[in-house]
1. Ile137: assigned to a helix (DSSP H, G or I) and either basic (Lys, Arg) or out of contact with any Lys or Arg (no Cβ under 7 Å at 6 or more places or on another chain) (or both), yes or no?
2. Please identify the pairs in which a residue from segment 8-24 that is modelled with pLDDT of 90 or more has its Cβ atom under 6 Å from the Cβ atom of a residue that is acidic (Asp, Glu) and part of a loop (DSSP other than H, G, I, E, B), counting only partners at least 6 apart or on another chain.
3. Checking the condition more than 13 Å from the chain's Cα centre (by Cα) and either among the β-branched types (Val, Ile, Thr) or surrounded by fewer than 13 Cβ atoms within 10 Å (Cβ to Cβ) (or both), which residue from Asn164, Asn219 passes?
4. Between residues in segment 113-142 that are touching a residue at least 40 places away in the same chain (Cβ under 8 Å) and residues that are crowded, with 18+ Cβ neighbours inside 10 Å and of a type in the set (D, E, K, R), which pairs lie under 6 Å by C-beta distance while being six or more apart or on different chains?
5. Would you be able to tell me the number of residues in segment 190-227 that are in contact (Cβ under 8 Å) with a residue 40 or more places away in the chain and within 19 Å of Asp133 (Cα to Cα)?
6. Checking Ile197 against (1) touching a Lys or Arg at 6+ places or on another chain (Cβ under 8 Å); (2) part of a helix (DSSP H, G or I); (3) farther than 23 Å from Lys95 by Cα, which single condition isn't satisfied?
7. For segment 100-134, which residues satisfy the criterion of being in a loop (DSSP other than H, G, I, E, B) and closer than 20 Å to Ile64 by Cβ?
Amino acid sequence: MRKPQNCPKYELTKSFLNSGIFLKFLYEGNKDVEALNREIESHKSDSNSVSIRSIIQRENEKFIEKIKENFRDNDQIKCCRDINYYFDLLNAIIKSPNVFSKNIQDDVINKFEEQWKEIIRVKNIDICTRETDLDSIRKRCIIKHLYDLKMDVNFIKAFSDDYNKYLVDKWKKIIEYTNTYYGGVYIKIENDSMGIIEKYDDFLKSSYFICDSGLNKLNIDDITISTDVNSLINSISLDKITSKEIQEGCFNKNYIELLKIKTSDIQRMINMLTIGISLLGFALILIFLYRFSPLGNLLRRHTKKNIEVDENTSEEMHELYENSENGRQYISYHSI
């Protein structure tokens, strides 16, 4: 009897990813980003930055080679995103808390600007910019993540678990650097075909956000970052949602639920306003009928007559009371 054979288990090969065409050098031998971090941090007790700068220079040269090998005329934006990711990663590694002295940090990071320019000059990527404030880093990481997911969609379907582990490794150091010490950084992505509200680190670790239809319209101004999630919720704009179809990946559950709540609140206010206007209109109609219609004249005459009857009845009751007080046991009548 033949023994059943186990099917071979295939694993994700990171250097094959479409999104990593210029960053293959980071994953040679199926290594991960953490391997580079460990190598650099192994020199944390050095008295100077010579060894660290040597490692970075070696990686820079590999990066330049990959650009020369793989660059195509329409790759400028993609290449710029990868170059900025690489230097954001290096910056996060060097600035890891309680690892390197301030002198070593400054000595290494001060070289980044010239090294960055050297790499973008390889293919004259003059559209590339690199702001270094935290929000700019976060926003370009968000944009890179969305585009990378779109490029890697087939790998995500085939190696879902492995790809999610890859994302954790890919963004770990940058998240540590760009997150606040107490956590709680939230993002909102909103335009006419995208709606996402999510915690910043959860977003970068997730392969859910594969968005085809809205990505080409995405602008950096469509991204809002805040530590106050309520401010993001309150700033949801119903005017921006013009797309007739909501594509999975372009709108996440958080955003859709909050959009429903906001729409419901607005509808409730409209309903209350409608009821108020209706009641006011009904009251005005009654006033008009009372003042100017034949029915109003009839009501006024009837009311006047009732008042006169009430007044006469009141006078009679008063006389009856007085007669009773005087010992006179009779009732006087008035002719009407």
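The values are calculated or read from the model by the stated rules, or taken from the named source; none is laboratory data. Computed from a prediction, not measured in an experiment: that's the story for all the values here. For neighbour counting, all protein chains shown are included, and Cβ atoms are generated from backbone atoms with ideal geometry for every residue, glycine included.
1. Taking the combined requirement at face value, the residue satisfies it.
2. Listed pairs, sorted by first residue: Leu17/Asp152; Asn18/Asp152; Ser19/Asp152.
3. Of the residues listed, the single one that is more than 13 Å from the chain's Cα centre (by Cα) and either among the β-branched types (Val, Ile, Thr) or surrounded by fewer than 13 Cβ atoms within 10 Å (Cβ to Cβ) (or both) is Asn219.
4. Ile137/Asp88
5. Of the residues in that region, 7 qualify.
6. (2)
7. Lys111, Arg121, Val122, Lys123, Asn124, Ile125, Asp126, Ile127, Cys128, Thr129, Arg130
To keep it simple, each residue is scored yes or no on (1) under 16 Å from Lys95 (Cα atoms); (2) small (Gly, Ala, Ser); (3) surrounded by 13 or more Cβ atoms within 10 Å (Cβ to Cβ).
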{"residue": "Leu17", "(1), (2), (3)": "no, no, yes"}
{"residue": "Phe25", "(1), (2), (3)": "no, no, yes"}
{"residue": "Glu28", "(1), (2), (3)": "no, no, no"}
{"residue": "Ser42", "(1), (2), (3)": "yes, yes, no"}
{"residue": "Val50", "(1), (2), (3)": "no, no, no"}
{"residue": "Arg53", "(1), (2), (3)": "yes, no, yes"}
{"residue": "Arg81", "(1), (2), (3)": "no, no, yes"}
